[in-house]
Amino acid sequence: VDGKGVGDVGQTVLKERQLLAGEGLVIVALVVDVSTGEILRGPEVTSKGFVFEQQYSHLLEDAKCIVLDVFENIPPGHTNKLKERIRSALRRFFRKVLGRDPVVIPLVISITGDEEKDIDAKCDKCIL
């Protein structure tokens, strides 16, 4: 695609590109304080190649509500479970409402509230 190599892209990469091109991408980002179990920032929902955000802003707002519902039902500290549930709930929602199945990437940034441990992850430095 970029003209820098011939044959250096495998079948798996081509399938991933086709999936992204056909269905698009949805990224969900939130910052969670693991010591209190509270969301400090987010959820922010961004799409690329999926829907026109201005036209479907209500749909992305509904997606945020789904993320919050999922969050409420996962115990604090279970980040991997939270990510997987967000991914599956949003994929199911988008399939039902739009008949599309985008790639959903949940980004859950966990901080402890301990400044020593969180030196690179202070919430005021997080840009979502």
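Remarks
- Integer Hz, Karplus 6.51/-1.76/1.60 couplings in order for region 34-45, x for Gly and Pro: 5, 6, 9, x, 9, 7, 8, 8, x, x, 10, 10
- Expressed as a fraction of 2.2 N^0.38 Å, the value expected for a compact globular protein of N residues, the C-alpha radius of gyration of region 8-121 is 1.18.
- Put simply, the amide H of residue 50, placed in the peptide plane, has neighbours under 5 Å in 25, leaving out anything fewer than 5 places away on its chain.
Values quoted throughout were computed directly from the atomic coordinates according to the rules given, and no laboratory measurement underlies them. Owing to the predicted nature of the structure, the values given are computational and were not obtained by experimental measurement.
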